[in-house]
Amino acid sequence: MVEPIAKREPRPRARMTGIVYLSFFLLAILGQLLVSNKLVALGNATNITSAVCYAVLALLFYLMFKPVSNSISLLAALFNIAGCVVMTLGILDLVPSSVSPLWFFGPYCLLIGYLTFRSTFLPRILGVLMALAGVGWLAFLSPTLAHYLTLYIEILGIVAEASLMFWLIVKGVNVARWEKLASAS
């Protein structure tokens, strides 16, 4: 009998979360490369697939951080999914280009940073990095500010998200601490 995903061991599920995160990153990079090389239809399909991966990541993070705070974890997932919808609609030219998915991914990263920091099963520095990345993505609310800081924001975002992603793949979570939080909630 197959266990529901919410009942599975936290370390393998955390590693699966890291692999889905890596899949998103690789697909997003590939999609941008394809679009920039005039393979727009294939690039757009790849970018939509990356958005699906990122939405799946929202569910996996929700399950991981639910013991820390069910409501904040759910809010983070909703911001992520809203950003994925805006990103997909943007790829299909169904939303104005002035509407950025980063408006949703900024709060998402802030919330994931907060949950990571508050959790006892992941290193706090990962939470700090994710929160800083979220603040960086929110700079895109001001096009002037974003214009001057884009490179730095992108570097910070990549470092923060890649750090969390690789930690999850290599280390997973501290199982005893995750289970203690899960049993308390």
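All of the numbers you see were taken from the coordinates with simple rules; none came from a lab. Small disclaimer: the values here were computed from a predicted structure and weren't measured. Neighbour counts run over all protein chains shown; Cβ positions are idealised from the backbone, glycine included.
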Hey, rough spin-label estimate for Val85 and Ser71, points 7 angstrom out along Cα→Cβ, what's it come to in nanometres? 2.2 nm
Cβ-based exposure ranking for Leu168, Leu129, in which fewest neighbours within 10 Å come first: Leu129, Leu168
How would Ser23, Ser98, Ser142 line up from fewest to most surrounding beta-carbon atoms within 10 angstrom? Ser98, Ser142, Ser23
Working out 0.36 nm times the residue gap between Tyr152 and Val40, then minus their Cα-Cα distance, what length gain in nm do you get to one decimal? 37.6 nm
Between Ala184 and Leu33, what is the label-point separation in nm under the 7 Å Cα-to-beta-carbon projection? 4.4 nm
Above 28 angstrom, tally the Cα pairs of the range 1-138 and express them as a % of all pairs, no decimals. 20 percent
From DSSP H assignment alone, runs of 4+ in the chain each adding -39500 (n - 2.57), the sum over residues rounded to the nearest 500 puts [θ] at 222 nm at -27000 deg cm²/dmol
Please report how far the C-alpha centroid of the range 18-87 lies from that of the range 119-185, rounded to the nearest whole angstrom. 15 Å
So, in nm, how far is label Val175 from label Ile125 when the simple model puts each one 7 Å beyond its Cα toward the Cβ? 2.5 nm
At least 20 Å along the helix axis (C-alpha) and Kyte average at least 0.0, DSSP helices within the chain: 10-36, 40-65, 70-91, 102-118, 124-138, 143-170
Of the trypsin sites (Lys or Arg not before Pro) in the range 1-106, which ones lie in a loop per DSSP and count no more than 12 other C-beta atoms within 10 Å? Lys38
